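Visitor: Pasting a structure here, questions to come.
The values are calculated or read from the model by the stated rules, or taken from the named source; none is laboratory data. On a predicted model such as this, the values are computed, not experimentally measured, just so you know. Please note: Cβ atoms are built from the backbone with ideal geometry, for glycine as well, and neighbour counts cover all protein chains shown.
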Amino acid sequence: MKISYFETGRYHAPGNMPRAWPAPPEVYDREAGARAYRGMIERVRFIEELGFDWVSLSEHHYSPHRLTPAPVVSAAHVVATSQKITIAVLGPIVSQSNPVQVAENLAMLDNLAPGRLVVGMLRGTTGEYLSYGLNPTEARERTTEAMELVLKAWTEPQPFGWQGRHYQFRTVSVWPRPTRQPHPPTYALGSSRESCEFAARHRLGLGVSYAPFDVVARVTRHYRERCAHHGWEPTPEQIIYRANIIVAASDDEAQSLLEAQRRARAPFPLQAGVRDALIELDSRNVAGEARTPNVGGMLPTNFIGGPDAIVEQIERCGAETGVGVIDLLFQTPGAGDTGSLMASLELFGKQVLPRIREV
Amino acid sequence: MVQAGAGFIESHVEADGFLVRYMEAGQGPALVHLHGAGGLRLTPGHDLLRRRFRVIAFEMPGFGSSAENTRTGDMPEMAATMARAVDALGLDSFNLMGTSFGGKTALWLALQQPERVHAIVLEAPAAIRPQGTEPPSGSPEEMARRLYAHPERVGPISLPDPAVRAKAGRLVGRLRGPDRDVDLENRLPSLAIPTLVLFGTVDRVIPPEMGHFYKELMPNCNLVFVYDAGHAISTDRPEAFAEVVADFVERRDAFVVSQTETVIHP
């Protein structure tokens with residue numbers, strides 16, 4: 001099993017934050033922001049030393065939790081300040097980006113860090129449609145077309161035009177080309193029937209997030225079936241599972257942290273009318289089975305306990321779902337700084353990581 | 001929904017002793033169209049193009065209800081016949097569009113009479129093919145799956161009766177030439193007419209990856225992918241097809257300069 005650490009540019013507000021979304025920019029604390037970005041690099045260096053396989057970065061907008069609106073900027077920073085760790089850009093929210101620019105940015109990163117880049121492309125969470133004013137009913141189609149165009153921009157040997165539904169370009173001719181042919185390892189991120197189909201059709205990996213093991217297993221089974229239909233079989237490393245983890249010295253300690261988290265309220269709730277409108281217009285499914293979009297709700301904790309319990313859970317996860325990369329978001333409920341995050345990383349790196357290599 | 005091509009008028013013209021059928025509609029610059037191996041089939045793309053051009057869609061002799069053509073020996077010969085059919089209409093110069101098999105006819109015609117052709121549009125051209133490519137055949141359902149990105153959106157396909165298909169099939173077999181036609185490909189570098197090559201991103205007859213060969217061989221070639229279209233681009237995505245074709249025919253090389261307005265409110 002490969003382990004990825006999900007670095008979010010965690011921001012700890014010095015005082016009370018207004019609890020509505022979006023948080024007003026005027027309450028941004030520059031000192032705390034500077035700490036968040038310094039911390040990013042400290043943690044990446046730390047986990048690289050501990051032997052984590054990947055560091056993953058994501059795109060989130062208007063978020064006082066995660067100061068990472070520009071994943072390519074995060075990645076360039078990490079490239080320059082790390083040595084060998086694989087950098088997983090998971091990923092550009094392609095539904096609301098210029099796909100040609102996405103292709104250029106990622107190709108440039110692939111050249112800056114030859115052999116170290118992994119790419120995931122996604123639609124974005126339902127709430128995120130608000131940040132650039134994306135019509136929820138168009139989100140999926142835009143995502144599919146944009147991903148198709150990114151792949152074309154990486155692989156087409158001659159300049160070309162694109163006559164799309166949502167995108168139109170008369171001249172596309174991306175320089176630099178990715179260092180790896182046909183392109184860096186690429187994943188479609190999502191659990192839907194459409195994501196599985198797209199990934200299978202283009203021989204891409206799949207990234208599933210936060211669902212319980214049985215749901216992940218259902219998605220990976222569906223994905224494998226679609227891959228078989230298209231005449232190929234994905235390797236374990238082509239399936240990423242992004243998950244929440246609470247790791248502590250003992251199971252009891254981890255459980256009390258989980259209790260603390262359950263008592264906490266979901267951060268930055270949307271107004272009910274906005275949330276309802278998003279839920280009504282967005283359509284989501286898990287391997288073809290409809291589900292209500294999650295808008296601002298808490299996500300489950302997927303791995304929890306002391307080191308032994310975590311090792312057992314990772315083994316079980318691998319066996320039940322077939323994922324080959326677990327991308328972990330380390331939870332530290334109640335912590336007012338990143339000290340406990342560093343402690344969790346160290347605990348995981350020293351007491352879990354060496355025991356799951358063969359899983 | 002009105003049947004595609006409903007406003008087109010049927011006429012005939014004589015060329016090389018053949019009575020050549022054609023469908024015509026619209027006013028403006030002439031746009032001559034040469035169909036694919038399945039014969040002349042007017043599409044919603046033709047309906048959109050006739051708003052801006054005088055569209056003349058020929059039926060090459062030997063296709064459709066015309067008599068079996070045992071005379072035309074190869075593609076250059078067919079191209080010469082079609083050039084004479086255009087002569088018979090009194091057109092000195094024109095824009096030339098070829099679909100699939102007809103894309104190869106169009107290239108030969110342009111090579112024979114380059115001074116007459118303003119612009120070439122090749123819709124999913126079959127002039128350069130991967131080894132072992134066969135023209136689509138089979139039941140209407142099988143044909144639809146090969147030709148369209150989303151057959152279920154197109155509705156039932158009506159095929160000519162078996163005798164007509166067999167007759168045209170023999171002609172196609174004689175004219176289509178090798179998958180890589182060295183004679184043609186050796187000549188393409190001399191063809192400087194502005195050319196637009198279109199491929200659907202889900203073409204299941206000729207892989208869209210064939211597109212770059214034209215761009216590499218022809219000095220003034222533009223390659224455009226039509227997203228989520230199959231081999232029959234003008235049926236699958238008629239608006240996207242007609243927009244880029246019209247823009248290219250009207251502005252040629254300058255079509256790369258965007259004239260799309262992005263102002264939302266003044």
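Visitor: Within segment B:189-222, take every residue that is polar (S, T, N, Q) and more than 15 Å from the chain's Cα centre (by Cα) and give me the one that is farthest from the other protein chains (Cβ to nearest Cβ). Let's see the steps before the verdict.
Guide: To start, the set of residues in segment B:189-222 that are polar (S, T, N, Q) comprises B:190, B:195, B:201, B:220, B:222.
Filter again for more than 15 Å from the chain's Cα centre (by Cα), leaving B:190, B:201, B:220, B:222.
On the way: B:SER190: 19, B:THR201: 6, B:ASN220: 13, B:ASN222: 6 Å.
Once the filter is applied, the top-ranked residue is B:SER190.
Visitor: Working only within segment A:233-256, note down all residues that are in contact with a helix residue (DSSP H, G or I) (Cβ under 8 Å, 6 or more places away or on another chain) and either in a loop (DSSP other than H, G, I, E, B) or modelled with pLDDT under 95 (or both).
Guide: Listed by number, the residues that qualify are A:GLU233, A:PRO234, A:ALA248, A:ALA249.
Visitor: Scan (1) within 14 Å of chain B (Cβ to nearest Cβ); (2) more than 28 Å from A:SER283 (Cα to Cα); (3) touching a residue at least 40 places away in the same chain (Cβ under 8 Å) for the single condition A:THR143 breaks and write down its number.
Guide: Just one mismatch for A:THR143, condition (2).
Visitor: Now for a different question. Residue check: is B:THR72 touching an Asp or Glu at 6+ places or on another chain (Cβ under 7 Å) and not aliphatic (A, V, I, L, M)?
Guide: No; evaluated as a whole, the condition is false for this residue.
Visitor: Among the listed residues B:THR201, B:THR195, which satisfies the condition of being polar (S, T, N, Q), within 15 Å of B:GLY98 (Cα to Cα) and modelled with pLDDT of 95 or more? Working first, answer last.
Guide: Working: B:THR201 fails: within 15 Å of B:GLY98 (Cα to Cα).
It is B:THR195.
Visitor: With surrounded by 15 or more Cβ atoms within 10 Å (Cβ to Cβ) and on the phi < 0 side of the Ramachandran plot as the only criterion, which of A:GLU42, A:GLU26, A:GLU48 stands out?
Guide: Working: A:GLU42 fails: surrounded by 15 or more Cβ atoms within 10 Å (Cβ to Cβ); A:GLU26 fails: surrounded by 15 or more Cβ atoms within 10 Å (Cβ to Cβ).
Residue meeting the stated conditions: A:GLU48.
Visitor: Within the bounds of segment A:206-223, is there any residue that is under 25 Å from A:GLU358 (Cα atoms), among the basic types (Lys, Arg) and outside any helix (DSSP H, G or I)?
Guide: Narrowing segment A:206-223 to residues under 25 Å from A:GLU358 (Cα atoms): A:206-221, A:223.
Retained after the next criterion (residues that are among the basic types (Lys, Arg)): A:218, A:221.
Cutting the leftovers down to outside any helix (DSSP H, G or I) gives us none.
No: zero hits.
Visitor: Please determine whether any residue of segment B:223-235 is within 14 Å of chain A (Cβ to nearest Cβ) and either polar (S, T, N, Q) or free of Cβ contacts under 8 Å to residues at least 24 places away in the same chain (or both).
Guide: yes
Visitor: What is the one condition in (1) touching a helix residue (DSSP H, G or I) at 6+ places or on another chain (Cβ under 9 Å); (2) over 17 Å from B:ARG170 (Cβ atoms) that B:ARG54 does not satisfy?
Guide: Here B:ARG54 clears every test but (1).
Visitor: So, in segment B:84-100, how many residues would count as being of a type outside the set (Lys, Arg) and surrounded by fewer than 24 Cβ atoms within 10 Å (Cβ to Cβ)?
Guide: Just the residues of segment B:84-100 that are of a type outside the set (Lys, Arg), to begin with: B:85-100.
Of the ones still in play, those that are also surrounded by fewer than 24 Cβ atoms within 10 Å (Cβ to Cβ) are B:87-94.
Residues flagged as of a type outside the set (Lys, Arg) and surrounded by fewer than 24 Cβ atoms within 10 Å (Cβ to Cβ) within segment B:84-100 amount to 8.
Visitor: Could you pull out the residue among A:VAL172, A:VAL216 that is within 14 Å of another protein chain (Cβ to nearest Cβ) and touching a helix residue (DSSP H, G or I) at 6+ places or on another chain (Cβ under 7 Å)? Give the steps one after another, and end with the answer.
Guide: Details: A:VAL216 fails: within 14 Å of another protein chain (Cβ to nearest Cβ).
After applying the criteria, what remains is A:VAL172.
Visitor: Take A:TYR210 and decide whether it is within 14 Å of chain B (Cβ to nearest Cβ), in contact (Cβ under 8 Å) with a residue 40 or more places away in the chain, aromatic (Phe, Trp, Tyr) and surrounded by fewer than 20 Cβ atoms within 10 Å (Cβ to Cβ). Reasoning before the result, please.
Guide: Working: within 14 Å of chain B (Cβ to nearest Cβ): no; in contact (Cβ under 8 Å) with a residue 40 or more places away in the chain: yes; aromatic (Phe, Trp, Tyr): yes; surrounded by fewer than 20 Cβ atoms within 10 Å (Cβ to Cβ): yes.
Answer is no for this residue.
Visitor: Where residues in segment A:104-116 are assigned to a helix (DSSP H, G or I) and in contact with a strand residue (DSSP E or B) (Cβ under 8 Å, 6 or more places away or on another chain), which of them is surrounded by the fewest Cβ atoms within 10 Å (Cβ to Cβ)?
Guide: Residues of segment A:104-116 assigned to a helix (DSSP H, G or I): A:104-112.
Filter once more, keeping what is in contact with a strand residue (DSSP E or B) (Cβ under 8 Å, 6 or more places away or on another chain): A:105-106, A:109-110.
Details: A:ASN105: 21, A:LEU106: 27, A:LEU109: 24, A:ASP110: 24.
Ranking the candidates gives A:ASN105 first.
Visitor: Let me ask something else about it. Hey, among the residues in segment A:152-169 that are in a helix (DSSP H, G or I) and surrounded by fewer than 21 Cβ atoms within 10 Å (Cβ to Cβ), which one's farthest from the other protein chains (Cβ to nearest Cβ)?
Guide: Pass one, segment A:152-169, residues in a helix (DSSP H, G or I): A:152-155.
Those still in the list that are surrounded by fewer than 21 Cβ atoms within 10 Å (Cβ to Cβ) too: A:152, A:155.
Values: A:LYS152: 7, A:THR155: 9 Å.
Among residues in segment A:152-169 that are in a helix (DSSP H, G or I) and surrounded by fewer than 21 Cβ atoms within 10 Å (Cβ to Cβ), the one farthest from the other protein chains (Cβ to nearest Cβ) is A:THR155.
Visitor: Related question: Looking only at segment A:34-86, how many residues end up being among the aromatic types (Phe, Trp, Tyr), within 22 Å of A:SER340 (Cα to Cα) and under 17 Å from the mean Cα position of the chain (by Cα)?
Guide: Number satisfying all stated conditions: 2.
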